[in-house]
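The values are calculated or read from the model by the stated rules, or taken from the named source; none is laboratory data. Treat the numbers as computed from the prediction; the structure is a model and nothing was measured. Neighbour counts are summed over all protein chains in view; Cβ atoms, including those assigned to glycine, are modelled from backbone coordinates with ideal geometry. To get the accessible areas, we keep the full protein, side chains included, count just its heavy atoms, and leave off ligands, DNA and RNA. Shrake-Rupley method; radii C 1.70, N 1.55, O 1.52, S 1.80 Å.
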Amino acid sequence: IVCLFLYGANDHANTVLATDSTSWTQYTTVRTTAETGSIALPAVGTSGGVLPIKPSTTQSGRSFGLHPSMPEVKTLFESGRLAILANVGPLIVPTTLTQYQKATVPLPPKLFSHNDQQSLWQAYAPEGAAYGWGGRMGDLLAANNTNPIFTAISASGNAVFLSGRNIIQYQVSGSGATPINGLTGTLFGSTTANNTLRSIITGDTSNYFQKEQAAVTNRAINAQALLAPSMAAAGANGVPNPSQYTNPNTGALANNALAIQLQTVARIIAGRSALGAKRQVFFVSMGGFDTHDFQKTAQADLLAKLSHAINYFDGVMGNLMGTNLRNQVTLFTASDFGRTFTSNGDGTDHGWGSHHFIVGGAVKGGNIYGNFPVTGLKHAEDVGSGSLLPQFSVDQYGATLASWFGLTPTQISDVFPNINNFTNHNLGFI
């Protein structure tokens, strides 16, 4: 499983759109202000317009489209390998608008706060949470792996999503695990100094702090020694470099850092046999989605990178060193929260529910899951300024993925503490 986190809160209302005439009129009206014009996108069929998609399950009177920067996502949707989950976000119990307004049911803490909602999405609690649901899945499935250290891997720095009670998240860069210099070859011209250095930094001691430091260092050395040749072999034998993406604002070609993170994930998956890994949880991310200003141009570039990177990863999984692994690898998106439907002039403000993508060969793609929200303001899902009251909880989203990944109902209840407050534990998209 690969979690792709969009830091800053992606504007869902310009990512997946209702394009029927009633919805489109509301959309263009609300997203236009007298001060700075419109953050609404061009209509379907116009130059640079929204890309039409047709879900396999119709929603009466509705039609839909994707941001014009996402042609690869459109192709994956139409090929049946990408699904859209409509209006998902943190919830403790099913909640109506009246219950929210009167606070008659428990509500997620610290709504609309970036750090806290990032943590709620990844770890069910505000900033300071100890365990994430990716790490907890790793705890329960690590026994499937010969080397448990390769169970939970981040290509994007430290992430609470991968923190387990027992499992330790392993962090890598685009070049793989970072070695400790001086442990091989000569050191200061000496052929024996490297062994002396190793004994200093890994030697046993009676001091508990030094003992733990030595254990961590020794674990890192051993893991790097296993991972480096495995990733090198994968790179040499068939995990291609991602192409450059096209910046939609300038037309210029540029490297895509997200695609490079996903290349790192692919190289580790390719070396799974050498690493003794059968169940792995990965984390990748990109930032910049806090679009209070310059949203139209900023989000266009961000979503172009996202679409390009997802498509690259799907292509690599379709032929990973001669094997089609699409059915065994699922990528899903997550983000702090959605954004307001109203415009603040040149962007949008903090919201709640949002739409997300799930990609892979096992995904029941080509469909939008859940009732797509009414477009506009002052409806049953509008908690203010067009911010969406979620219809699905993050627990339901994660539980659906966890069920596919091999967790039992009992384990799912352990990993997702609020799941038993909801009737539907499987949303059916995979």
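Here is how the numbers come out for the structure above:
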| read-out | value |
| --- | --- |
| Dipole moment magnitude, nearest 20 debye, the stretch 201-355 about Cα centre, only Lys, Arg, Asp, Glu C-beta charged | 680 debye |
| Thr28-Thr58 FRET efficiency (beta carbon distance; Förster radius 25 Å; 0.05 resolution) | 0.60 |
| Normalised contact order of the stretch 101-187, rounded percent, pairs of Cα under 8 Å and 6 or more residues apart | 22 percent |
| Rounded percent of accessible protein surface that carbon and sulfur make up, the stretch 60-121, 1.4 Å probe | 55 percent |
| Kirkwood Rh and Cα Rg combined as Rg over Rh, evaluated for the chain | 1.00 |
| Relative contact order [Cα under 8 Å, 6+ residues apart], the stretch 246-303, whole percent | 41 percent |
| Rounded if a/c under 1.5, otherwise prolate or oblate - the stretch 171-219, Cα gyration tensor axes | oblate |
| Candidate lysines for bridging to Lys305, where Cα separation is under 20 Å - those fewer than 8 sequence places away on the same chain excluded | Lys74, Lys296 |
| Surface accessible to a 1.4 Å probe, Leu253 within the full protein complex, Å² | 110 Å² |
| Trypsin sites (Lys or Arg not before Pro) within the stretch 295-380: DSSP coil, no more than 11 neighbouring Cβ in 10 Å | Lys378 |
| Rg(Cα) / (2.2 N^0.38 Å) computed for the stretch 225-379, rounded to two decimals | 1.22 |
| Alpha-carbon centroid distance for the pair the stretch 90-116 / the stretch 173-232, whole angstrom | 47 Å |
| Cα gyration tensor of the stretch 277-354 - equivalent ellipsoid semi-axes, whole Å, descending | 32, 14, 9 |
| Rg/Rg_globular for the stretch 316-430, with Rg_globular taken as 2.2 N^0.38 Å and Rg from C-alpha atoms | 1.26 |
| Per-selection Kirkwood Rh - the stretch 1-70 (Cα, Å, 1 d.p.) | 13.5 Å |
| Separation in nanometres of the label points that stand 7 Å from Cα toward Cβ, at Met321 and Gln213 | 3.7 nm |
| Virtual spin-label span in nm between Asn144 and Ser38, 7 Å along Cα→Cβ | 4.8 nm |
| FRET efficiency, 1/(1 + (r/R0)^6) with R0 41 Å, evaluated for Thr186 and Thr297 via beta carbons | 0.20 |
| Probe 1.4 Å, accessible area per residue of the chain, Å² | 41 Å² |
| Extreme residue, positive dipole direction of the stretch 257-393, given options Leu303, Ser354, Val281 (C-beta unit charges) | Val281 |
| Theoretical ellipticity at 222 nm over the chain - DSSP helices of four or more residues, -39500 (n - 2.57) apiece, nearest 500 | -10500 deg cm²/dmol |
| Cα-centre dipole for the chain with unit charges at Cβ (Lys and Arg positive, Asp and Glu negative), debye to 20 | 920 debye |
| Length-normalised contact order for the chain - Cα pairs under 8 Å, 6+ apart - percent | 29 percent |
| Anisotropy class of the stretch 88-189 from Cα gyration tensor, a/c 1.5 cut | prolate |
| The stretch 219-266 shape via C-alpha gyration tensor axes, a/c threshold 1.5 | prolate |
| Inter-site label distance for Glu78 and Leu377 at 7 Å from Cα along Cβ, in nm | 3.6 nm |
